[in-house]
Amino acid sequence: MNDAQLLRYSRHILLPEIGIEGQERLLGAHALLIGAGGLGSPVALYLASAGVGRITICDGDAVDLTNLQRQIVHRTASIGEPKVESARSTLAAINPGVEVIAVHERLTESRILELAGSADVVLDGSDNFATRHAVNRACVSLRKALVSGAAVRFDGQVAVFDMRRNDAPCYACLFPESGTEEEVRCAVMGVFAPITGIIGTVQAAEALKILIGVGETLAGRLLLVDALAMQLRTIRITKDPGCAVCG
Ligand SMILES: [Zn+2]
């Protein structure tokens with residue numbers, strides 16, 4: 001690290017759990033982020049400000065006026081631009097020292113596998129089950145740590161599926177693809193702006209801890225946040241031996 005980096009990251013370096021060694025791990029790390037929306041915004045902002053050296057952001061959409069109520073990485077002037085390009089310019093203004101790779105695509109399963117191959121951690125901030133399951137399958141087959149988040153209305157949830165471990169449950173153990181879980185979309189149901197910030201920020205914290213190798217993550221636990229009552233609880237998730245993906 002040069003002098004400017006030592007200053008930029010000084011409040012991390014002061015933490016005994018991080019120090020110079022932990023910060024250098026972040027600078028050398030590659031995070032793959034799926035989605036540059038409500039969850040992806042705070043994830044991208046914190047990964048970049050905290051100095052994750054390489055961040056690949058994937059999103060096929062363009063910035064829309066209805067996004068700006070919660071998707072805090074985007075600006076009014078960016079309406080109509082690809083979200084990944086808009087995010088890349090915001091992140092470059094905050095921390096020009098990190099490399100942001102913008103992937104403006106609707107991801108296919110083979111593309112997710114290709115992108116996840118070189119990632120040290122995968123963060124899912126997508127808004128639909130098809131993508132979440134495809135990302136999960138890729139993380140199971142490549143044995144990557146997946147930090148998964150979701151938010152709608154006043155409710156949110158976060159979990160870590162650390163597929164580097166043999167006993168780890170995967171996303172499909174919790175939500176089987178054949179399940180009856182109904183897709184609830186923000187566009188239809190509405191979403192309270194800060195819940196996406198709360199959930200995305202927890203995702204960023206979990207990813208940074210995974211990259212540094214410190215603390216206890218939400219591996220094997222699901223954190224549920226009810227922002228209307230402001231109640232948080234965690235429930236245990238166990239591996240389903242009959243899971244179609246990891247069983
Ligand atoms: Zn599973």
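What follows is calculated from the coordinates using simple rules that are stated; it is not laboratory data. Here the structure is a predicted model, which means the values were calculated and not measured. Here the Cβ is made from the backbone with ideal geometry for all residues, glycine too, and neighbour counts use every protein chain on show.
Compare LEU65, LEU27, LEU223 in a GNM of the chain, Cα atoms joined below 10 Å, and give the one with the largest fluctuation. So, out of LEU65, LEU27, LEU223, the one fluctuating most is LEU65.
Ordering ILE57, VAL160, SER78 by the projection of their Cα atoms onto the charge dipole of the range 57-166, which places +1 on the Cβ of Lys and Arg and -1 on the Cβ of Asp and Glu, puts VAL160 at the extreme positive end. Less than 5 angstrom separates the built amide H of ASP240 from those of CYS170, all sequence-distant by 5 or more or on a different chain.
For the chain, calculate the relative contact order in percent as a whole number, restricting contacts to Cα pairs under 8 Å that are 6 or more residues apart. Reported relative contact order: 20 percent. Between ASN166, ASN136, ASN95, the GNM of the chain built on Cα springs shorter than 10 angstrom shows ASN166 fluctuating the most. Projecting the Cα atoms of VAL103, GLY149, LEU211 onto the charge dipole of the chain (Cβ charges, centred on the Cα centre) puts LEU211 farthest toward the positive pole. In the chain, taking the dipole from charged Cβ atoms about the Cα centre, the farthest positive-side position among ALA31, GLY19, PHE192 is held by GLY19.
Using only side-chain charges placed at the Cβ, +1 for Lys and Arg and -1 for Asp and Glu, the dipole size of the chain relative to its Cα centre rounds to 280 debye. Summary of the geometry: the range 199-221 and the range 119-162, compared by the centres of their Cα atoms, lie 13 Å apart. Of all lysines in the structure, those lying under 23 Å Cα to Cα from LYS239, and not within fewer than 8 positions of it along the same chain, are LYS144, LYS209. Length gained on full extension, ARG106 to ASP226, computed as 0.36 nm times the residue gap minus the Cα-Cα distance: 40.2 nm.
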